[in-house]
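Okay, here's the structure, questions in a sec.
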Number of protein chains: 4
Amino acid sequence: MKALVYHGPGDKSWDEMPDPTLVAPTDAIVQVDTTTICGSDLHILKGDVPAVTPGRILGHEAVGTVLEVGESVTNVAVGDRVIVSCISSCGTCTYCRSGNPSHCLADEGASGIGWILGHLIDGTQAEKVRIPFADTSLYTLPDGVSDSAAILLSDILPTGFEIGVRYGRVKPGDTVAVVGAGPVGLAVIATAGLYGAAQIISIDLDPSRLALAQEVGATAGINSGDDDWKEQVLALTDGYGVDVAVEAVGIPATFELCQNLVAAGGVIANIGVHGVKADLHLERLWSHNITITTRLVDTVSTAMLLKTVAAAKLDPAPLITHRFSLAEALTAYDVFARAGEIGALKIIITP
Amino acid sequence: MKALVYHGPGDKSWDEMPDPTLVAPTDAIVQVDTTTICGSDLHILKGDVPAVTPGRILGHEAVGTVLEVGESVTNVAVGDRVIVSCISSCGTCTYCRSGNPSHCLADEGASGIGWILGHLIDGTQAEKVRIPFADTSLYTLPDGVSDSAAILLSDILPTGFEIGVRYGRVKPGDTVAVVGAGPVGLAVIATAGLYGAAQIISIDLDPSRLALAQEVGATAGINSGDDDWKEQVLALTDGYGVDVAVEAVGIPATFELCQNLVAAGGVIANIGVHGVKADLHLERLWSHNITITTRLVDTVSTAMLLKTVAAAKLDPAPLITHRFSLAEALTAYDVFARAGEIGALKIIITP
Amino acid sequence: MKALVYHGPGDKSWDEMPDPTLVAPTDAIVQVDTTTICGSDLHILKGDVPAVTPGRILGHEAVGTVLEVGESVTNVAVGDRVIVSCISSCGTCTYCRSGNPSHCLADEGASGIGWILGHLIDGTQAEKVRIPFADTSLYTLPDGVSDSAAILLSDILPTGFEIGVRYGRVKPGDTVAVVGAGPVGLAVIATAGLYGAAQIISIDLDPSRLALAQEVGATAGINSGDDDWKEQVLALTDGYGVDVAVEAVGIPATFELCQNLVAAGGVIANIGVHGVKADLHLERLWSHNITITTRLVDTVSTAMLLKTVAAAKLDPAPLITHRFSLAEALTAYDVFARAGEIGALKIIITP
Amino acid sequence: MKALVYHGPGDKSWDEMPDPTLVAPTDAIVQVDTTTICGSDLHILKGDVPAVTPGRILGHEAVGTVLEVGESVTNVAVGDRVIVSCISSCGTCTYCRSGNPSHCLADEGASGIGWILGHLIDGTQAEKVRIPFADTSLYTLPDGVSDSAAILLSDILPTGFEIGVRYGRVKPGDTVAVVGAGPVGLAVIATAGLYGAAQIISIDLDPSRLALAQEVGATAGINSGDDDWKEQVLALTDGYGVDVAVEAVGIPATFELCQNLVAAGGVIANIGVHGVKADLHLERLWSHNITITTRLVDTVSTAMLLKTVAAAKLDPAPLITHRFSLAEALTAYDVFARAGEIGALKIIITP
């Protein structure tokens, strides 16, 4: 089969690779019908994720068709259309059973799994992929949901919803500020209404992203380059600050910004992948009754989000800006790498 | 001033009455700008609520303007536009402090308050009304919210949301069945989206109410007169039954219906005012992991709902079908008494 | 091997039976070191559970040693001391993943599993037993916990804790009334302190059981045969009624009793297995802000309860009153069948 | 009357002062029967709390007898024995109604109240004290609870329970590490059992405090001066780390320590009053699914804790180490200032 293979920092190619085969009775083999590229794929290509070794097929998001299942698999059958979750989980370890499958302890050639596709084992940017623990890592798709909508349920929508909205404890009537309007920030904005957010404020430096944020559900857009960005936020909240501040960038400056705009009693939900420590202003916040959460996506909300998409209560379409064929995967990477410049968000790749 | 006065079963008139005055330092006097009629006003007129004695001014819903405040009142000031909550609460007793102000223990000429307006003390179907415990029983209105929208926040929207949606524990992705499509049932339907309901099924005997239900947010309407009503519901839920069944009628038959359609693990939220006991099928349900809740409205969600209305996330306008002046209050009662026949829901009365 | 075999209503014997063998890759074979008898075993022997067919080995509680595991099993290994949970669950179906494994949909020769041991497949009153889905149905025992303590974690303690305490939403400071002081009621009493219950009132007709209840944690015992039983309860709660009423009998009269003593805002948690419907006094309770829950045990608390036993925060020893060898299983049944008369609670059976 | 008066940094005296009088209809005057000294009183005396101006009577904890009430006061009456809460709250502002009375917005000569006694208005280290908003700031004492037990409900027990246990989200079976074994850390240890903590690990540099911690409920004591303190903690948790780490000191080093021992999925609950910012290791913790909370005490748990003390489920006596008369208040301060050296915890002062 053909696949997008990592050969070391800065080096990838579209290669002929052997077809995957069943290894464990809990495995499934899935034909990839749609896949996409994630920001972490770019991190891998920069050499920032040393666990990814040369020869690895990249990609951890897909919609596909089940080709083969191991003898223990009962939830999916050959021929089923499925979402491949970005998180693989055994369903039986301590972490899986306590709702934290991103920290799954199952052994798949590494100490613990969670995110392994295109990371510790071969991934989804290929014609076929082996999925360990298929029963708890694949979701059957109903007929009415398109591949384009479903592909966003592999990673980005659960990420935005679980880490930003659910762990941010958004509740009806809340004012939510989302710092960073990249794909994940927009996924927070798109799903904040599922817990009845009244005001959703998008904060970013890029006016075009702020405009897009309002298309997917933001009620206000504030440019953090403005001198009075904080006053603008406070003006929308009677001076109190926001109920929930979602950090969707991953640098100390944006985490600091969240500390500046959260109201007493509020929540800062961190989604950003941070490379360095940040300052926590306990000298001020110790008395502010705030909560800070950090989290990997667990994709425990995938089945639920699928219901809301199937019921047309959530429309992820505006998050998709470009489409390519699998054979054009290298071009797709080029476009995604210049996402800011081009105005790209999620790029869909189909055979 | 003029007011609608109860004179005993079947007997009401539009009378000249003395203006209300401050009695306690926690009181306020409010000029009524908009009021409405509730189903319980009709119950009173039938003589079903013996605590209401002849001479009582009826009505427990209003939007108005503060004319005067007692010396302890700090949350509202003369000239403020306010919502009068249908629940009066002291804010300091055991029940108020545990989130159950409908069971408020404060003494206002009766053992406990809660619903007292137009019940134990004079109400809102008048030019002016005295509001005890104004700080915790009035809500200041922002400029952008009209009287017509705000009047529904006095009672019906908090009732539908608190008892049906919140105590029904509606959560994102849920299927909610609302049995009864009268004003309160429709308020449940209108607010179920605040917790991300995916499917909202309205169940009623009246096709015109089912049509209206779909206007305010129902995704399906099922006529409970159909022989296969239950099969229709199950077909929408892969055979499991609904996550939440809301009883918004108040008779044994509809409570039974809820027991027939709730899924294992689901919730039956009772809003209906029942006059007789019902059968509870514990011989079947003991093993079904279900929850049943009963409740008076506490109006603890009023401030939150006001934010969602102000942010245009909730539009209560379709619930209002008729408008009258205060002087036409008797006609308004006639129309409301024939609501089913005429297709009336909420009737707004303004000076 | 030897086993206790059901041969039809009223007919059981201690027979030679074939050793169990692995059937699925997710199975384990466990040597039974300790088992016990449950009230439902007596129901089966009366012929009340028609799903149990002649030839079935009874019993669904055990502590044992793993003899053999299927190739997919990873959480337990040969030689491990384990608790056999009364609930078998696949860990991957909709119900297992939503915290309701008692409604597990996995197919084990029946539509759905949950309680299958000694019911739909052979059980634990034998020298060996096959356990399906071993990864999610067995719990490894730390050295410091005795078989006698652990056997109560198979069923009775999770049942009392999950259905009575957790679904009764006991919270610190609460007054809890437990109606029925049989083994399960006592398990509620023994575990109510895990959520900080301040007062735990045991209600029963049998003075000796009331005395025992106080040994395991009840702060008061009230005889429901007393004319003034209700006044006695109210006197302990300043007249309000109890925060949580747990029904641990299973007849209409005791469910009625719970409705009579629950405070406004309180919870009735039903554990009892009911054979007939009950009256629900909605004509009074519709306005009392109460919650009623029903539930099968899910044994999702087993691992947690094991920690509290290991830490000596929970001592289940007083619940065990008699001990027999496996060969004396028929005698043990006789004693347990006359539990009320003899003062027996849980009877431990060891080889 | 006599009172302990602050005259500027390092300067206090036992002075004759005018008796307090009712100012607002919501006030009460309370005769102080028992009071105590808090660490924040020492901070004030160092000049660290500039809002406290010379001439202020210190103290925010008391048990007393109501001498006089304003005309709006209904929850307490002349002659009642009461606990004076360290938090004064109006009960009606946004923050009070959302469960955050520590941020109460009521105006009592300052922008917002909360902690005002012995801070913004005269306090409890006196023969009498004026209590604003008496209905929501005083708690009637049942006969069976002694002054010595009740005085700890003014501040220290709600502080430990609310900020450490409740916001730390301690749940049955958890392992809780409490960093710092001063009075507040010990209050966390004493109340962690109300949510069923299985292991409670006290961490401190002082062996005598670690010993005391075990008297009030700790199951292990670890000296943070030991080189292998972290390994000792991990050994108690199968290598995972603790479920809840409570910071009860208030310096960057101890906050860092909490970050080092919390398990994935765990909570860090900060009680410490911090004077400088701390490092937050997001470069590691962003993926650890942790929650950090900060908080002022709200004393919303006072009534509940009083029930547990009255029911003898919580015994605060071991936290009291010294007793003085009110006339010896200056000596009491001397002893408390040398608490570490002397082994003093809470010092009770009675007339």
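Readers should treat all values here as calculations from the given coordinates under stated rules, not as data from a laboratory. None of these values were measured; they are calculated from a predicted model. Glycine also receives a Cβ, built like all others from the backbone with ideal geometry; neighbour counts cover every protein chain displayed.
How high is the relative contact order of the stretch A:213-351, in percent, counting Cα pairs under 8 Å that sit 6 or more residues apart?
So the answer I get is 16 percent.
Let me ask another. Given a 10 angstrom Cα cut-off, can you work out which residue in C:PRO183, C:PRO207, C:PRO316 is the most mobile in a GNM of chain C?
Greatest mean-square fluctuation among the candidates belongs to C:PRO207.
At 7 angstrom along the Cα-to-beta-carbon line, where would the label on C:ILE342 sit relative to the other copies? Give the distances in nm, shortest first.
For C:ILE342, the other copies' label points sit at 6.2, 7.4, 7.9 nm, shortest first.
So, one more: How much mean residue ellipticity at 222 nm does chain A get from its helices, if each DSSP H run of length 4 or more adds -39500 (n - 2.57) and you divide by all residues, to the nearest 500 deg cm²/dmol?
The per-residue figure over chain A is -6000 deg cm²/dmol.
If every alpha-carbon in the stretch C:119-247 counts as one equal scatterer, what log10 I(q)/I(0) does Debye give at q = 0.11 1/Å?
-0.47
Hey, what D do you get for the protein assembly as shown in µm²/s if you plug the Kirkwood alpha-carbon radius into Stokes-Einstein at 10 °C and 1.306 mPa s?
47 µm²/s
For Cα pairs less than 8 Å apart in space and 6+ apart in sequence, what is the mean separation divided by the residue count of the stretch D:255-322, i.e. the relative contact order in percent?
Averaging sequence separation for qualifying contacts and normalising by length gives 32 percent for the stretch D:255-322.
Go through C:244-255, C:222-233 and give me the packing order, highest mean Cβ count within 10 Å leading.
The densest-packed peptide leads the list: C:244-255, C:222-233.
Report the one residue of B:GLY250, B:PRO158, B:GLY39 whose Cα lies farthest in the direction of the positive end of the charge dipole of chain B (charges on C-beta: Lys and Arg +1, Asp and Glu -1; origin at the Cα centre).
Positive-most Cα among the choices belongs to B:PRO158.
Count, for each residue of A:266-279, the Cβ atoms from other chains sitting within 10 Å of its Cβ, then give me the mean as a whole number.
The shielding value for this peptide is 4.
Counting pairs on different chains as well as pairs 8 or more places apart, how many Lys pairs in chain A have Cα atoms under 19 Å apart?
5
Would you tally the net charge around A:PRO183, using a Cβ to Cβ cut-off of less than 14 Å, leaving A:PRO183 out, and scoring K and R as +1, D and E as -1?
-4
Sticking with this structure for a sec: Shortest first and in nm with one decimal, please list how far the B:GLY8 label point sits from its counterparts in the other copies (point 7 Å along Cα→Cβ).
Label-point separations across copies, in nm and ascending: 7.4, 8.0, 10.2.
Determine, from the Cβ-Cβ distance of B:MET1 and D:ASP107 and an R0 of 30 Å, the FRET efficiency 1/(1 + (r/R0)^6), rounded to the nearest 0.05.
The value I calculate is 0.35.
Dipole magnitude of the protein assembly as shown about its Cα centre, charges +1 at Lys/Arg Cβ and -1 at Asp/Glu Cβ only, in debye to the nearest 20?
With Lys and Arg at +1 and Asp and Glu at -1, about 0 debye.
If you take each beta carbon of peptide B:130-140 and count the beta carbons of other chains within 10 angstrom, what is the mean?
So the per-residue partner count for this stretch is 1.
Report the local net charge at C:GLU16: Lys and Arg +1, Asp and Glu -1, summed over other residues whose C-beta lies under 13 Å from its C-beta.
Neighbour charge sum, excluding C:GLU16 itself: -1.
Taking N as the number of residues in chain C, what is its Cα Rg relative to 2.2 N^0.38 Å?
0.98
How high is the relative contact order of chain D, in percent, counting Cα pairs under 8 Å that sit 6 or more residues apart?
Once divided by the residue count of chain D, the mean separation gives 17 percent.
What's the average, rounded to a whole number, of partner chain beta-carbon atoms within 10 Å of each residue's beta-carbon in A:87-99?
Rounded to a whole number, the mean comes out at 5.
Distance in nm between label sites at A:LEU205 and B:GLU16, each 7 Å beyond Cα in the beta-carbon direction?
Taking the simple label geometry, A:LEU205 and B:GLU16 are separated by 7.4 nm.
Applying 1/(1 + (r/R0)^6) with R0 = 22 Å to the Cβ-Cβ distance of A:THR65 and C:THR74, what FRET efficiency is obtained, to the nearest 0.05?
Step by step, r from the Cβ atoms, then E = 0.20.
Taking the Cβ of D:ASP135 as the center, what net charge do the other residues with Cβ under 13 Å away carry, scoring Lys and Arg +1 and Asp and Glu -1?
Overall, the nearby charge balance is -3.
Also: Please report, in debye to the nearest 20, how large the charge dipole of chain D is about its Cα centre when each Lys and Arg carries +1 at its beta carbon and each Asp and Glu carries -1 there.
Charge dipole of chain D: 460 debye, to the nearest 20.
Calculate the radius of gyration of the Cα atoms of the stretch C:243-351 to one decimal place, then report Dmax, the largest Cα-Cα distance, as a whole number, both in Å.
18.4, 56
Can you tell me which of B:VAL82, B:VAL129, B:VAL276 moves the most in a GNM of chain B? Springs connect C-alpha atoms under 10 Å apart.
Top of the fluctuation ranking is B:VAL276.
Using the Karplus curve 6.51 cos²θ - 1.76 cosθ + 1.60 with θ = phi - 60°, work out ³J(HN,Hα) for each residue of the stretch B:346-351 in order, rounded to whole Hz, and write x for Gly and Pro.
Running phi through 6.51 cos²θ - 1.76 cosθ + 1.60 with θ = phi - 60° gives 9, 10, 9, 10, 10, x Hz.
Sorted from shortest, what are the nm distances separating the label point of D:PRO142 from equivalent points in the other copies, each placed 7 Å from Cα along Cα to C-beta?
Nearest first, the other copies' label points are 3.5, 4.5, 5.2 nm away.
Go through the stretch D:57-73 residue by residue and turn each phi into a ³J(HN,Hα) via Karplus (6.51, -1.76, 1.60, θ = phi - 60°); whole Hz please, and just put x for glycine and proline.
Whole-Hz 3J(HN,Hα) from phi for the stretch D:57-73: 6, 7, x, 9, 10, 6, 10, x, 10, 6, 9, 7, 9, x, 6, 8, 6.
Still on this structure, please answer the following. Taking the Cα atoms of the stretch B:1-125 alone, what are Rg (to one decimal) and Dmax (as a whole number) in Å?
Considering the stretch B:1-125 through its Cα atoms, Rg and Dmax are 14.5, 40 Å.
Once label points are set 7 Å from the Cα along Cα→Cβ at both D:LYS230 and D:ALA337, what is their separation, rounded to one decimal in nm?
Output for this residue pair reads 3.9 nm.
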